[in-house]
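Notes follow once the structure below has been shown.
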Amino acid sequence: MDVNSHAEELASDLGVDKEEVKADLQNLLEYSVPIDEAKQSVRRKHGGGGGGSTPTPDSVDVGDITTDHDGVTVTVRVLTRGTRTIRYQGDDLTIREGEFADETGVVSYTAWQDFGFEPGDSLTIGNAGVREWDGEPELNLNDSTTVAIAEEPVEVDREVGGDRSLVDIEAGDRGRNVEVRVLEAEAKTISGRDGETEIVEGVVGDETAKLPFTDWQPRSALDPGADLRIEDVYVREFRGVPSLNLTEFSTVTPLPDPVEVATDAPRLSVSDAVASGGMFDVEVVGNVLEIRDGSGLIERCPECGRVVQNGQCRSHGAVDGEDDLRVKAILDDGTDTVTVVLDDELTAEVYGGGLDEALAAAQEAMDKSVVSDDIADEVVGRAYRVRGNLSVDDYGATLDATEFAVADDDPADAARAALAEVGE
């Protein structure tokens, strides 16, 4: 390929220095950008049209990017890069996404074509669009964007690459790599946008935490007990907690050594747990202040499992409800409160009997509330250790309990210790 002749032609058309045009072309070609696309990018950079774009905007620092910008030029270090396919306006598109950084901050990005960069590369990115995503600015790299190797390496005080422990995984992360043990895995068939879809759902763990996962391209390697390195996953919120998602671009590699998995959940004060925004496996200790309405003997919709009120399901209207047991308790440790939800098995434990016993008690008293009253007499005012999955939303914090046991320690002492630590 005669880059020199292409550069000479462009320079003549644009009225700019040939060597500058040649350098721009060579930078793009290093990333395997086709010559025609590279020439269009160089034209746009120098204000020569090609799609009606404007000259490349002035350079800004990452920390100064706001959603008021239409487009920016930045010089950055690539921190992470993930790949997945999305449905956009009826078409399946492969995108690259992750984070860029400079010394002033970090910004997420979505690239709508493959510019060929990898984590660790230092780049000058011209005419990147800016949009709002999850309340923050995000860069959009499209066919009006130019990407070139930066003249100088960009030094950043940030971790380069996607390797993370599970405790550091957050909803919205992209291009993450984890080393985990598969704790649970179950094949399922769901109704997706293209009809019935086979997936695998389960739980993975490492020495720091446990998280749920979904594999959208079911892999036989994801069997319980397998120790794996999983690369290029994206993370979204599912039932209030981060969930790992594997795509066709994710890779799964067996590890030669076993992964240590935490057996205990991290114990936090209620306020710290709530401040996390949601955790898959957490433990708190507190006093039960009250039992909320909708506890004890309840009815559920046979279609969706929602609690039925006065014979009405919010989704399915009038239904014949199915009897069940549940507890919704307010737990307080002195730092904050959380609603603890016990399923039928845990409710039976604190009630001292199962569904048959509850139905018999309600029939004898001719009042279902006798069951919740008996549960309240048992648990209100006592201290409990609660382990489970925490979700936090606009309606408050809810802890779906997997364990509910009388506490060995005093939550008031724990709360005082936590507050004293904060005060320091």
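The values are calculated or read from the model by the stated rules, or taken from the named source; none is laboratory data. Computed from a predicted model, the values in this text were never measured in an experiment. Note that each Cβ is placed from the backbone with ideal geometry, even for glycine, and that neighbours are counted across all protein chains shown. In case anyone asks, the SASA skips ligands and DNA or RNA and just uses the protein heavy atoms, side chains included. Shrake-Rupley method; radii C 1.70, N 1.55, O 1.52, S 1.80 Å.
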| Stretched out fully, how many nm does the piece from A275 to I35 gain, at 0.36 nm a residue minus the Cα gap? | 81.4 nm
| message | Compute, for segment 124-275, the length of the dipole vector about the Cα centre, with Cβ point charges of +1 (Lys, Arg) and -1 (Asp, Glu) only. Units Debye, rounded to 20. | response | 440
| task | Would you mind checking segment 372-391 for residues with the amide N under 16 Å from a putative spin-label position 7 Å along Cα→C-beta of D264? | result | 385-388
| Radius of gyration and maximum dimension Dmax of the chain, Cα, Å | 27.8, 96
| What full-extension length gain, to one decimal in nm, is calculated for S5 and A318 as 0.36 nm per residue of separation minus the Cα-Cα distance? | 105.1 nm
| said: List the lysines whose Cα sits under 20 Å from the Cα of K328, skipping any in the same chain fewer than 8 residues away. | reply: K368
| Which is farthest toward the positive dipole end of the chain among A318, G116, P302, measuring Cα position about the Cα centre, with Cβ charges +1 (Lys, Arg) and -1 (Asp, Glu)? | G116
| query | How much accessible area per residue does the chain have, in Å², with a 1.4 Å probe? | reply | 52
| message | Restricting the calculation to Cα positions, tell me the Rg (one decimal) and the Dmax (whole number) of segment 292-335 in Å. | response | 12.9, 42
| query | ³J(HN,Hα) across segment 207-221 via Karplus (A = 6.51, B = -1.76, C = 1.60, θ = phi - 60°), whole Hz, x for Gly/Pro? | reply | 6, 9, 5, 10, 9, x, 9, 10, 9, 7, 10, x, 10, 5, 5
| What are the semi-axes of the equivalent ellipsoid of segment 146-237, taken as the square roots of 5 times the eigenvalues of the Cα gyration tensor, listed largest first and rounded to whole Å? | 30, 19, 11
| remark: PRE zone check, label point 7 Å out along Cα-to-Cβ of H69, amide N under 13 Å, scope segment 136-172, hits 137-141
| Stokes-Einstein at 20 °C, 1.002 mPa s, Kirkwood radius from Cα pairs: D for segment 50-167 in µm² s⁻¹? | 146
| field | Protein accessible area in the chain, 1.4 Å probe - carbon and sulfur % | value | 41
| field | Pairwise FRET efficiency - A171 versus L289, Cβ, R0 = 35 Å, nearest 0.05 | value | 0.70
| Simple Cβ-charge dipole of segment 120-201, Lys/Arg +1 and Asp/Glu -1, about Cα centre, in debye nearest 20 | 180
| note | Shape descriptor, segment 205-284: equivalent ellipsoid semi-axes (Cα gyration tensor, sqrt 5λ, whole Å, largest first) stand at 26, 16, 9
| field | Gaussian network model of the chain, Cα within-10 Å springs - most flexible of A101, A265, A362 | value | A362
| Can you give the Kirkwood hydrodynamic radius for segment 316-375, in Å, rounded to one decimal and based on Cα pairs? | 13.0
| task | Please give every one of the lysines within straight-line cross-link reach of K22, meaning a C-alpha to C-alpha distance under 20 Å, and leave out same-chain neighbours fewer than 8 residues apart. | result | K39, K45
| field | Descending principal axes extents, segment 159-303, alpha-carbon based, whole Å | value | 49, 39, 27
| remark: Note on the chain: contact order normalised by length, alpha-carbon pairs under 8 Å, 6 or more apart, percent, works out to 10
| Folded to 0 to 90 degrees: helix 18-30 orientation relative to the chain principal axis, Cα | 40
| remark: Taking R0 as 25 Å and r as the Cβ-Cβ distance between E184 and D393, the FRET efficiency 1/(1 + (r/R0)^6), rounded to the nearest 0.05, comes to 0.50
| query | Within straight cross-link reach of K188, meaning Cα distance under 21 Å, which lysines are found once same-chain residues fewer than 8 apart are removed? | reply | K210
| message | Taking θ = phi - 60°, what integer Hz values does the Karplus form 6.51 cos²θ - 1.76 cosθ + 1.60 yield along segment 307-318, in sequence order, with x for Gly and Pro? | response | 5, 8, 10, 6, x, 10, 9, 4, 9, 10, x, 5
| Amide H contacts of V147 (H built 1.01 Å from N, under 5 Å, at least 5 apart or other chain) | G126
| message | At 7 Å along Cα-to-Cβ for each site, give me the label-to-label distance between A360 and D257 in nm. | response | 5.7
| remark: Along principal axes, largest first, the alpha-carbon spread of segment 266-341 in whole Å comes out as 41, 23, 15
| Simple spin-label estimate for A348 and E196 in nanometres, 7 Å along Cα-Cβ | 3.2
| note | The ³J(HN,Hα) series, computed from each phi in segment 181-194 with the Karplus coefficients 6.51, -1.76 and 1.60 at θ = phi - 60°, rounded to the nearest Hz and given as x for glycine or proline, is 10, 6, 9, 9, 7, 9, 6, 9, 10, 10, 8, x, 5, 10
